[in-house]
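Have a look at the structure below before the remarks.
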Amino acid sequence: MALIDLTGTLEPGMWRYAGIPAVEIEQVTSIETDGSAAHAFRLATISGTYLETAAHHFHGRPAIDQVPPERFICDAAILRLGEKGPAQPVTAEELARAAGDAEIRRGDALLVATGWDRMWNAPNFVDDSPYLTMEAMRWIVAHGISMNAKKI
């Protein structure tokens with residue numbers, strides 16, 4: 001079984017949603033003057049590679065700091081769609097075709113590979129990214145995909 005790290009590099013100027021503050025990284029001490037190097041970070045919880053919980057949209061639900069890290073190590077199905085262009089929809093038919101005869105188990109996470117990662121940090125990364133249609137979302141729900149953690 002392969003482990004796949006989905007995180008992107010934290011760096012000043014990385015992509016973010018409109019209205020979200022820019023990521024800032026500032027060196028606050030140096031080895032030469034202070035004997036050790038340290039940096040201060042400022043980033044919103046939805047900057048760059050991020051995780052969101054139901055608390056992103058609903059009051060009273062667990063926030064990301066209340067979810068244990070092991071919850072995010074889980075089995076996943078990977079559906080490779082090929083290269084998607086700017087603002088192209090991902091349809092239920094494409095998901096079904098990419099799934100083919102693959103076993104997608106209830107509770108698996110789902111990675112939908114569109115090739116859009118090639119645009120990481122491009123000015124249009126967020127606004128022009130491929131998106132899931134409502135029918136695609138229904139396909140995902142119908143297959144029980146939820147990212148429930150499993151022991152691996």
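Output the relative contact order of the chain, whole-number percent, from Cα pairs under 8 angstrom with separation of 6+ residues.
It comes to 23 percent, rounded to a whole number.
Sorting 4, 145 on the 10 Å Cβ count, fewest up front, what's the list? Don't jump to the answer; show the numbers that get you there.
Numbers: 4 7, 145 19.
By the 10 Å Cβ count, ascending: 4, 145.
Using modelled amide H (1.01 Å from N, peptide plane; none on Pro or chain starts), what sits under 5 Å from the amide H of residue 132, excluding residues fewer than 5 places away?
Amide H to amide H, under 5 Å and 5 or more residues apart or across chains, residue 132 pairs with 90.
With 10 angstrom as the radius, rank 51, 95 by how many other C-beta atoms surround their C-beta, starting from the fewest. Walk me through the numbers before you get to the answer.
On the way: 51 14, 95 24.
Arranged by neighbour count, lowest to highest, 51, 95 become 51, 95.
Counting only DSSP beta bridges with both residues in the chain, what percent are antiparallel, rounded to the nearest 5? Mind dumping the intermediate values first?
Values: 5 of 12 bridges.
Taking every DSSP beta bridge with both residues in the chain, the antiparallel ones total about 40 percent.
What label, among (i) 9, 29, 37, 18, 6, 2, 0; (ii) 11, 30, 23, 19, 12, 4, 0; (iii) 11, 38, 30, 16, 5, 1, belongs to P(r) over Cα pairs in 10 Å bins from 0, in percent computed from the structure on display?
The listed entry that was calculated here is (i).
I need 131, 50 ordered by Cβ neighbour count within 10 Å, fewest first. Show your work: numbers first, answer last.
Details: 131 12, 50 16.
In increasing order of surrounding Cβ atoms, one gets 131, 50.
Taken together, the values in this text are just the output of simple stated rules run on the coordinates, not laboratory data. Nothing here was measured: the structure is a model prediction, and the numbers come from that model. FYI the Cβ positions are ideal-geometry reconstructions off the backbone, even for glycines, and counts take in every protein chain you see.
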